[in-house]
1. Give me the pairs: first residue in segment 71-100 and of a type in the set (Lys, Arg), second residue within 16 Å of ligand 1 (Cβ to nearest atom), beta-carbon distance under 6 Å, and six or more apart or on different chains, which are they?
2. Of all residues in segment 139-178, which are assigned to a strand (DSSP E or B), in contact (Cβ under 8 Å) with a residue 12 or more places away in the chain and within 14 Å of ligand 1 (Cβ to nearest atom)?
3. Only one of 207, 160, 171 is crowded, with 16+ Cβ neighbours inside 10 Å, touching a Phe, Trp or Tyr at 6+ places or on another chain (Cβ under 6 Å) and over 25 Å from residue 102 (Cα atoms); which?
4. Quick one: what pairs do we get from segment 15-30, first residue within 6 Å of ligand 1 (Cβ to nearest atom), second assigned to a loop (DSSP other than H, G, I, E, B) and of a type in the set (A, V, I, L, M), C-beta under 8 Å, 6+ apart or different chains?
5. Looking at (1) away from ligand 2 (no atom under 11 Å from the Cβ); (2) surrounded by 17 or more Cβ atoms within 10 Å (Cβ to Cβ), find the lone condition where residue 46 falls short.
6. From 22, 35, grab the single residue that is modelled with pLDDT of 95 or more, in contact with a Gly (Cβ under 8 Å, 6 or more places away or on another chain) and within 15 Å of ligand 2 (Cβ to nearest atom).
Amino acid sequence: MSDRGPHLVLLGKQGAGKGTQASRLAEHYGVIHLATGDVFRAAINEGTELGFEVQRYMDRGELVPDEIVIGVVREVLTNSDAVKRGFVLDGFPRTVPQAKELERVLADFPLDVVIDLDVPTEIALHRIAGRRVCVQCQTTYHVDNPPKEDWICDVCGSDVVQRDDDTEEAVMRRLELWEIQTLPLIHFYRRRGLLAHVDGIGDSEDVFESLVATVEVRMTEDA
Ligand code: ADP
Ligand code: AMP
């Protein structure tokens, strides 16, 4: 087994549970959780220039242009100990150019495994319709699994709300873009021998255990 945490990418359509599971995996392995969507939502909340730039794409369910996303990821991976400690990427890469750039940035410290977290679209739609997130720390809840106190975040005490881009129109556009832009990554990573599949249906705890088992197998093979 390697002496660092995994270099892991979670692929999966919107609502597959990537954010939910990536947070848990990052905590479990003591690695960095980098979710590009969370970075952009935080920037919008803080009113930064980046937030101003990305909001118009996000609200419509469009992808943020590759050069902006790549800039954010490159900065985190090169200016933190993410590569040394390990990381879980959630929502990145989402296009083939992003995947190629990630390979360049990681260079001699490549990915260990890319997991396709798979759920049927009907389940993803149900999950997205009920999704609620903390405006501050972005902890994710669901109307079927709310915070303890009336939509106040259990973790940081801020408001828990519906995402601006979880409208029916934006969700349909995001799912469409996922098929066109992100699905080709399944083939891209299969060709590189990095792809694994985990069934995202079912209890969050069971999905987490399957993910850990998959990572362990891959890290043991690599060691
Ligand atoms: P993604 O990051 O892939 O878009 P999220 O992690 O935000 O997905 O999950 C979408 C919604 O589904 C959230 O409301 C989350 O609480 C809920 N959810 C995540 N995993 C499960 C699961 N295994 N079973 C039921 N609901 C889930
Ligand atoms: P997410 O939180 O992953 O659902 O992402 C929310 C939104 O942020 C997406 O619909 C895009 O507008 C934008 N976004 C997040 N990650 C990326 C990415 N890797 N490439 C392009 N746009 C992204």
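The values are calculated or read from the model by the stated rules, or taken from the named source; none is laboratory data. Only a predicted model underlies this, so the values are computations on that prediction, with no experimental measurement involved. Ideal geometry is used to build each Cβ from the backbone, glycine not excepted, and the neighbour counts take in all protein chains shown.
1. 94/182
2. So in segment 139-178, the residues assigned to a strand (DSSP E or B) come out as 140-142, 145, 149, 152, 159-161.
Filter once more, keeping what is in contact (Cβ under 8 Å) with a residue 12 or more places away in the chain: 140-142, 159-161.
Listed by number, the residues that qualify are 140, 141, 142, 160, 161.
3. Going through 207, 160, 171 in turn, just one is crowded, with 16+ Cβ neighbours inside 10 Å, touching a Phe, Trp or Tyr at 6+ places or on another chain (Cβ under 6 Å) and over 25 Å from residue 102 (Cα atoms): 160.
4. Every condition considered, the pairs that remain are 15/119; 16/119; 17/119.
5. Result: residue 46 fails condition (2) only.
6. Answer to the check: 35.
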